[in-house]
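The values are calculated or read from the model by the stated rules, or taken from the named source; none is laboratory data. Note that the structure is a prediction, hence the values are computed from the model and not measured. Here Cβ is always computed from backbone atoms with ideal geometry, including for glycine, and neighbour counts include all displayed protein chains. Protein only, heavy atoms only, side chains kept; ligands, DNA and RNA dropped before computing areas. Shrake-Rupley method; radii C 1.70, N 1.55, O 1.52, S 1.80 Å.
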Amino acid sequence: MISDIIAIIRDYWLLLLIGQYPNGPLGGLAATLLLSILAIAFAFPVSIALALARLSNSPFLNWPVTALVYFTRGVPLLMLILWGYFLVPLITGANVPSFLTMLVTLVVYQGAFLSEVVRGGIVAVGHGQMEASRALGHSYLGAMRYVILPQALYNVIPSIISVFVATIKDTTLGYVINVPDLTFAASQINNQLLTQPFQVFFILAAVYYVICWSLSRVAIVTERRITRKRAGTASQATAKSLKLAALTDQPS
């Protein structure tokens, strides 16, 4: 079996890597990574906007966005993909490429999940820093931009990486609408060989495992580094407080 796996990789590595490119659309692993990166890149600002809307005191912002987030998180991603693939051409009459359909669906879906991560990071910073920023003359948006969001986003970097890992795995569902990703390339290889489905999809699983495991390790290392930095900052603040208290208590 190992020899079969080696032979498949030797004969089809280029198809697994870039699909039919340059004789066709970019596919394979390159399309999977491109789709995942673009999805997170566009979902990130969407998630910030959704998180700020959910934290708003205005019911005209809070209620619709909350309903959108709960609806998106409660519906299977596959259903959203199929709705986008069949409903948009039905309404607009335009032939939307499957890659674009998958990208927009992932942006909406992961934006909803990521908004909860961002919202949790903002809440964790604490309301006191917002009050202090407003006391210094910042507007609400200015305080959020320059004080709250930088801290919140730094603290949730590991969670953002975890969402990116989930996005990479979610791209496999693009196969149902013929997105030429890595899963689609593996399916093409399986259709050509017919007799070695286990070997083909074992390679597919191994590639996804290596990518996702590597990113998960990055998330763990990043989280530890953030924790150490927090602990160091807290220790320095405590040391300064003790030193100031000691100087204050000295007799004149």
The condition of being at negative phi, open to solvent by less than 50 Å² (accessible area, probe 1.4 Å), at pLDDT 90 or above and hydrophobic (A, V, I, L, M, F, W, C) holds, among ALA31, ALA49, ALA41, ALA7, only for ALA31
query = Quick one: would you say ALA67 is small (Gly, Ala, Ser), loosely packed, with under 14 Cβ neighbours inside 10 Å, modelled with pLDDT of 85 or more and within 23 Å of the chain's Cα centre (by Cα)?
reply = yes
By residue number, the members of the stretch 46-77 that are in a loop (DSSP other than H, G, I, E, B) and under 23 Å from GLY174 (Cβ atoms) are VAL75, PRO76
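Residue-wise test of (1) at pLDDT below 85; (2) open to solvent by 20 Å² or more (accessible area, probe 1.4 Å).
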site	(1), (2)
SER98	no, yes
VAL104	no, yes
TYR109	no, yes
VAL117	no, yes
GLY126	yes, yes
ALA132	yes, yes
GLY142	yes, no
VAL156	yes, no
GLY84: passes all of (1) under 24 Å from ALA124 (Cα atoms); (2) open to solvent by less than 40 Å² (accessible area, probe 1.4 Å) but (1)
